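The structure appears right after this line, and notes come after that.
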Amino acid sequence: MIETDLQEIIVAKTLFITGASSGIGAATAKAAAAAGWNVGLFARSEDKLNALVAEIGAQAIALPGDATSYEAQKNALDKLAAKFGSVDAVFANAGRGTSQGGTEKGDPEDWKAMVDLNVMGALYTAHAAMPYLRKTTGQYVVTGSAAGRRHIKGSIYGATKFFIHGFAGNLADEMAEWGGRCMVVSPGMVNTAFFDEAKPDKLQPDDVASAVMHALEAPAHVAVREIHLMPVG
Ligand SMILES: NC(=O)c1ccc[n+]([C@@H]2O[C@H](COP(=O)([O-])OP(=O)(O)OC[C@H]3O[C@@H](n4cnc5c(N)ncnc54)[C@H](OP(=O)(O)O)[C@@H]3O)[C@@H](O)[C@H]2O)c1
C-alpha cells in the first residue's frame, strides 16, 4: 500500500537533449536515464538516436532534427511533452567547431554555419522550451567551454562559447524570477568525435555527464550556475 502510494508520488522527470547522438549528449542521456529521467534525444543522425533508444529503453525517444531550425526544436519539444507529460529540463548541447582556425585565415561561410548552431541553436532551445520549463519550474543547461572562459588566439569557435557563457548568466537571472535555474557546463578537452583523433588522457564524456547530472539533481533551493571542469594535465 505504502509502495503504491510512493510510486504514484514519484513521477519521472523529462530531459530534452540536443546533440544527443554522440559524445557528451549521448553520455548525458545514458546518465539521466540511469537516474530515472525520461530523455528526448535530438540530433540529425536518426540511426544513432535509434541505436541509443534501443540501448536505453522505453524511457527514451528519438527526435531527429536539425538544431539550426527553430521549428524542428519546437516540434521535438512538443512531441516529447506529449509523450511524457512534461519537460523538466533541457540540455542545449549541440555544437561544432570550424574547419580552419583563426580569424584572418578563417572561412566566413563556415563561421555562419557554426554560429547558427552554437549560438542560434542554443537560443532556440531556450525560447522553445521556456513555456514548458515555467510549468515545471525547470532547468536550462547549456554546454559552454573552457574556450568560452579564456582567450584563444583568433578563435571564432571560442567566441561562440563566450556568447554562451554571457547568455547563460543573463538567462539564469531571468529564470530566477520564477524559480527556474540555468547552468553552463564548461569543459576543457573532452574525448569525443569533436576531434579527429582520440584523446584518451583528457576528460571523458561521462565526466561531463556527471557534472550535468549534479546540477539537474541539486535540491530545488540550489542553483548550480556553472561547472567548469578540466583534465588534469
Ligand atoms: N569535445 C570537447 O573537447 C568539448 C569541450 C568543450 C565543449 N564542447 C562542446 O560540447 C558539445 C558537444 O560536443 P561533443 O564534444 O560531445 O562532440 P560530438 O560528439 O561531435 O557531438 C556533437 C553533437 O552535436 C550534434 N549536432 C551537430 N550539428 C547539429 C545540428 N545541426 N543539429 C542538431 N545536432 C547537431 C551531433 O549530432 P548529429 O551530427 O547527429 O546532428 C552530435 O550529437 C558542443 O557544444 C561542443 O562545442 C566540447
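Rounded, prolate or oblate: which fits the chain when a ≥ b ≥ c are the square roots of the eigenvalues of the alpha-carbon gyration tensor, with rounded for a/c under 1.5 and prolate only if a/b beats b/c? It comes out prolate by the Cα gyration axes.
Label reach from Arg150 (point 7 Å along Cα→C-beta): in region 182-203, amide nitrogens under 17 Å belong to 186-190, 202-203.
Rounded to the nearest 500, the 222 nm mean residue ellipticity of the chain from helices alone is -14000 deg cm²/dmol, with -39,500 (n - 2.57) taken per DSSP H run of at least 4 residues.
Every Cα-Cα pair of region 57-177 was included, and the share exceeding 19 Å stands at 51 percent. Judged by the ratio a/c of the largest to the smallest principal axis of the C-alpha gyration tensor, region 73-140 counts as prolate, that ratio being 1.5 or greater while a/b is larger than b/c. Annotation for region 116-222: GluC sites (Glu not before Pro) lying in DSSP loop with at most 15 further Cβ atoms inside 10 Å of their Cβ are Glu177, Glu197, Glu217.
Label sites at Arg44 and Asn75, each approximated as a point 7 angstrom past Cα along Cα to Cβ, lie 1.6 nm apart.
Remark: for residue pairs Lys79/Lys112; Lys79/Lys153; Lys83/Lys199, the C-alpha separation exceeds 32 Å in Lys79/Lys153; Lys83/Lys199. Extending 7 Å from Cα along the Cβ direction at Ala220 and again at Gln100 yields two label points whose distance is 5.3 nm.
Restricting region 66-160 to GluC sites (Glu not before Pro) that sit in a DSSP loop and have at most 16 other Cβ atoms within 10 Å of their own Cβ leaves Glu104.
Throughout, read-outs are computed from the coordinates displayed, never taken from laboratory work. Predicted model only: the values in this text are computed from it and were never measured. With ideal geometry, Cβ positions are generated from the backbone for all residues, glycine too; neighbour counts draw on all protein chains shown.
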